[in-house]
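Report on the following structure.
Read the figures in this text as sums done on the coordinates, not as results from a lab. Not measured: the values here are computed from a predicted model.
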Amino acid sequence: MGEKKKGKGRPQGRPFSFFGLLQNARRLCYSWYMDKDLLADTISSRIADWPDDALKALFEAMDKIEEAHGLVYVLSPEELADIEEGLADIEAGRFATEEEVAALFDKAREPAIKA
């Protein structure tokens, strides 16, 4: 009589924390319809002081989730070549002039089908 069974109640050696209880309650209140902006703000505030190894683990978990749900976009060889060409242009200091950029936007704003 009077012996505590292990595995019941709060973990041994950990002091009771009212703040911890509130955090657990907040996790239980999360709903699938939570606004994505609110979710991003909540995650951002919670991970702000995490050490680098914890952040690395978080990003690895996010990568696995994205891969599992088909959310990873794989570049085609042509797309990869275009990106590499653009990076080489940047490194070489080759940029479009303001006039070239304006002409490109003007062309994009033209109606696709002319009457």
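Points worth noting:
- Length released on extending from GLU99 to PHE59, taking residue separation times 0.36 nm less the Cα-Cα span: 10.3 nm
- Inverting the pair-averaged 1/r between distinct Cα atoms of the range 50-89 gives 12.3 Å as its Kirkwood hydrodynamic radius.
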